[in-house]
Amino acid sequence: MESRSRPVALSPDDAAALAARHGLRKLGARPRLRPYIVSLWQRRDFTWVLATSDAYGKNQGSYLGQLWGVLKPLLQVAVFYVVFGIVIRGARQGIEDFLSYLVIGTFLFEFIASGLNNGGRAIASKVKLVRALEFPRAVLPISVTLTELVMMWPAMVIMVVIVLIKGHRPSWTWLELIPAVVLIYLFVLGCGFFLARIVSATPDLGNLVPIVTQLARYVAGVFFSLEVLAANLGVLGKLAIYEPFAVYLTLARSAILTEVKAGWLEWSLGVGYSLVVLVFGFIYFWLAEARYGKD
């Protein structure tokens with residue numbers, strides 16, 4: 001009678017080597033950074049569809065639907081113009097075309113604020129999807145900020161129309177608005193990575209993000225001249241000119257308004273802020289990849 005050979009039990013190291021040889025990995029484990037980035041790129045179509053579907057679905061329950069993407073910043077401009085352009089006229093000091101200055105600042109900061117607020121909820125708002133499917137979780141902060149970018153373009157068209165009505169004529173410098181918006185997007189995305197991980201771990205902190213963004217609105221020069229602020233506050237005012245939000249609004253305004261100047265320092269800071277925040281934000285988010293959706 002032939003004897004059957006018994007299967008040999010694998011040691012933990014041998015089992016791990018066998019799994020690696022067949023492309024298997026521990027469920028819920030954090031992948032290495034390079035394969036993670038490759039996997040993220042492979043799912044770019046999924047990311048885009050997720051972003052555009054969310055953009056289309058926003059405000060669908062209201063009568064005006066997608067018009068709110070334009071009406072909201074327009075209403076904010078109206079309120080800020082009455083308060084800071086008529087009631088508190090000192091806010092107009094040092095600004096030649098206050099309406100155009102205000103429109104550019106308000107429309108772009110609305111994108112920044114929405115990106116930060118929704119970026120913080122990127123994981124929490126899609127927790128069922130996170131628990132049901134295996135995919136790089138960085139897809140979610142990216143799709144959220146892409147959603148805000150898609151929704152911003154109609155408002156950007158209205159912004160340009162208002163500036164044209166105010167008498168500004170297009171020039172080649174207007175093309176600088178494109179890299180300025182790209183830098184703003186990258187910065188918001190980097191912040192979104194940080195906020196998504198923090199809020200996912202401590203949901204209560206999500207309630208503080210809108211408060212912080214509201215505070216940032218009042219120090220970014222949305223409705224007043226930063227140069228006047230610098231003249232009145234000395235060193236502190238000069239530092240405020242070079243904080244990220246103020247720099248990005250300056251870059252956007254300098255592309256369209258001749259009265260606003262941005263040199264190599266502002267552009268260098270804009271690029272630096274975006275790259276540093278994006279890289280460190282992405283790595284910070286990736287380090288907690290295995291924990292998302294498990295709380």
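The values are calculated or read from the model by the stated rules, or taken from the named source; none is laboratory data. The shown structure was predicted, so the numbers you read here are calculated from the model rather than taken from an experiment. Heads up, the Cβs are rebuilt from the backbone with ideal geometry, glycines too, and the neighbour counts pull from every protein chain shown.
Miscellaneous remarks
- Condition met for Tyr63 (of a type in the set (Ser, Thr, Tyr), at pLDDT below 85 and not in a helix (DSSP H, G or I)): yes
- Conditions (1) assigned to a helix (DSSP H, G or I); (2) more than 20 Å from Leu205 (Cα to Cα); number of the one not met by Val127: (2)
- Filter pass, Ile283 being part of a helix (DSSP H, G or I), within 18 Å of the chain's Cα centre (by Cα) and free of Cβ contacts under 8 Å to residues at least 12 places away in the same chain: no
- The criterion of at least 2 residues that are of a type outside the set (Lys, Arg) and at pLDDT 85 or above is met, among helices (runs of 4 or more DSSP H) falling completely within the range 186-249, by 209-219.
- Test: residue in the range 265-274 that is closer than 19 Å to Phe107 by Cβ, among the aromatic types (Phe, Trp, Tyr) and in a helix (DSSP H, G or I): no
- When residues in the range 200-231 are screened for being of a type in the set (Gly, Ala, Ser) and without any contact (Cβ under 8 Å) to a residue 24 or more places away in the chain, 2 of them pass.
- Options Ile104, Ile158: the member that is β-branched (Val, Ile, Thr), more than 30 Å from Ile37 (Cα to Cα) and surrounded by fewer than 21 Cβ atoms within 10 Å (Cβ to Cβ): Ile158
- Meets criteria (in a helix (DSSP H, G or I), in contact with a Lys or Arg (Cβ under 8 Å, 6 or more places away or on another chain) and either of a type in the set (Val, Ile, Thr) or over 22 Å from Tyr36 (Cα atoms) (or both)) for Val150: no
- Condition met for Ser225 (under 16 Å from the mean Cα position of the chain (by Cα), surrounded by 15 or more Cβ atoms within 10 Å (Cβ to Cβ) and among the polar types (S, T, N, Q)): no
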